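The values are calculated or read from the model by the stated rules, or taken from the named source; none is laboratory data. Model, not experiment: these values are computed from the prediction. Because the Cβ atoms are built from the backbone with ideal geometry, glycine has one as well, and the counts that use them run over all protein chains shown.
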Amino acid sequence: MASQILNAQPSMHVIDACVGEGSKTLHLAALMKNKGRIIDLNTKEWRLKERWKQAAKAGVDTIETRFISSSKVCKRMKDIADRLLLDVPLLRVWYTCEKSGYKMETYGSRPE
């Protein structure tokens, strides 16, 4: 669903900034007809290694992976993408907001 809402076209460059299991990325590649460029970013290298395996198995060759080792990686991404996919886990949002002193009340109940 998130991939469809993004409305990425085959010639576009897309950044998936919260790589999970890979289903969104592979779906996005299919919607883009395996053309253009998809850059997967994550702070966990093992997720990116798994992405390579999945992409190869699916016959997708438009996916690049980049390990986020510092903020410099994200700064280098500035102005290179037509679309940005952010599927941030709710628990992290809660943690970040509570650490900052903000309260979130509009996104449902607090995760356990």
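I'd like to know if segment 13-20 contains one or more residues that are under 14 Å from Leu85 (Cβ atoms) and modelled with pLDDT of 90 or more. Yes, some residue in segment 13-20 is under 14 Å from Leu85 (Cβ atoms) and modelled with pLDDT of 90 or more. Within segment 51-67, does at least one residue satisfy the condition of being of a type in the set (Asp, Glu) and within 17 Å of Ala2 (Cβ to Cβ)? Checked against the condition, which is being of a type in the set (Asp, Glu) and within 17 Å of Ala2 (Cβ to Cβ), segment 51-67 yields no hits at all.
Within segment 25-44, can you find the residues that are within 22 Å of Lys78 (Cα to Cα) and under 14 Å from the mean Cα position of the chain (by Cα)? Across segment 25-44, the qualifying residues are Thr25, Leu28, Ala29, Arg37, Ile38, Ile39, Asp40, Leu41, Asn42, Thr43, Lys44. Quick one: in segment 13-35, which of the residues that are touching a strand residue (DSSP E or B) at 6+ places or on another chain (Cβ under 6 Å) and assigned to a loop (DSSP other than H, G, I, E, B) is surrounded by the fewest Cβ atoms within 10 Å (Cβ to Cβ)? Within segment 13-35, the match that is surrounded by the fewest Cβ atoms within 10 Å (Cβ to Cβ) is Ala17.
Filtered by the rule that a residue be of a type in the set (Phe, Trp, Tyr) and surrounded by 11 or more Cβ atoms within 10 Å (Cβ to Cβ), segment 36-78 gives Trp52, Phe67.
For segment 36-73, what are the residues that are among the polar types (S, T, N, Q), modelled with pLDDT of 85 or more and not in a loop (DSSP other than H, G, I, E, B)? Residues satisfying the conditions are Gln54, Thr65.
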